[in-house]
1. Kindly indicate which of P186, P143 is of a type outside the set (G, A, S) and modelled with pLDDT under 95.
2. Test K181 against the criterion of being in a helix (DSSP H, G or I) and either more than 29 Å from the chain's Cα centre (by Cα) or basic (K, R) (or both), and give yes or no.
3. Can you name every residue in region 67-106 that is at pLDDT 90 or above and polar (S, T, N, Q)?
4. Condition test on D135, is it over 19 Å from L174 (Cα atoms), part of a helix (DSSP H, G or I) and either without any contact (Cβ under 8 Å) to a residue 60 or more places away in the chain or in contact with a Ser or Thr (Cβ under 7 Å, 6 or more places away or on another chain) (or both)?
5. Return yes when K196 is surrounded by fewer than 17 Cβ atoms within 10 Å (Cβ to Cβ) and charged (D, E, K, R) and no when it is not.
6. Pick from G164, G139, G130: which is under 12 Å from F111 (Cα atoms) and small (G, A, S)?
7. Six or more apart or on different chains, Cβ under 7 Å: which pairs go from a residue in region 90-103 that's more than 22 Å from L147 (Cα to Cα) and assigned by TED's automatic domain parsing to the domain that holds D163 to one that's modelled with pLDDT under 80 and not charged (D, E, K, R)? Could you list them?
8. Pick from D133, D163: which is under 22 Å from Q98 (Cβ atoms) and modelled with pLDDT under 95?
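The values are calculated or read from the model by the stated rules, or taken from the named source; none is laboratory data. The model shown is predicted, which means the values in this text are computed figures rather than measured ones. Neighbour counts run over all protein chains shown; Cβ positions are idealised from the backbone, glycine included.
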Amino acid sequence: MYRSLIFLMTAMISSLRAQNQIADVVFTNAKVWTVDKSRATAEAVAVLGGRILAVGSKGEIKKFTGESTRVVDVKGKLMLPGFIDNHTHFMSGGFQLQSVDLKDSKNEAEFARRIKERAEKYPSRWITGGDWDHDNWLGGNLPTKKLIDQYTSNTPVFVNRYDGHMALANSYVLKLAGITKDTQDPPGGAVVKDPKTGEPTGILKDEAMGTCIGTCLPRQKKNAWTPRG
């Protein structure tokens with residue numbers, strides 16, 4: 001009973017405060033979607049200090065209008081609450097949480113060490129994910145398979161850059177995918193090669209990443225993925 005009384009008093013105080021306030025902006029003559037089932041639509045919105053002060057009919061909201069209020073005529077258009085695109089790629093996002101984290105690696109040595117430790121902890125299991133950013137390293141050189149091959153001779157590694165536009169594969173995975181010095185760049189992608197030897201460095205860009213993913217990763221069973229930790 002006391003809780004109900006406190007709630008009622010709080011609601012009344014909030015209502016009184018709102019009634020005595022003058023809005024900075026009033027949007028009127030709108031088709032407002034309120035996301036409130038009890039009152040799904042409205043005609044106007046009052047805003048004060050960057051927050052919604054009140055939502056209702058044009059007559060209800062008019063009382064929040066003062067000399068300093070900016071009134072915006074929406075001219076019958078639809079008005080929606082602000083949206084933040086907080087979407088999730090459920091499957092890939094889940095696997096990402098189970099994968100190695102390379103995003104805050106400070107240099108090539110730390111990058112290689114984290115992959116080495118993962119390979120030692122989960123030998124022969126796929127090491128994926130990563131989200132590395134070579135621009136954070138002194139010199140900004142792209143990683144190569146040489147950094148990790150000595151630690152992953154029997155462990156497949158395919159770790160992507162944070163923007164998803166390139167990935168590093170170790171020699172194990174390049175062999176699985178059949179990528180050699182003779183492999184041509186696919187349309188919209190690139191197999192990066194050593195300018196001296198012509199051998200793939202392990203970096204695959206854009207559509208070339210699909211060459212690896214399409215021929216290797218789908219064949220792996222669920223327990224072949226490496227859990228994080």
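1. Going through P186, P143 in turn, the sole match is P186.
2. Taking the combined requirement at face value, the residue does not satisfy it.
3. Within region 67-106, S68, T69, S105 qualify.
4. Judged against the criteria, D135 is a match.
5. Considered against the rule, which asks whether it is surrounded by fewer than 17 Cβ atoms within 10 Å (Cβ to Cβ) and charged (D, E, K, R), K196 comes out as yes.
6. That would be G130, the only listed residue that is under 12 Å from F111 (Cα atoms) and small (G, A, S).
7. F95/W225; Q98/W225; Q98/T226; Q98/P227
8. D163
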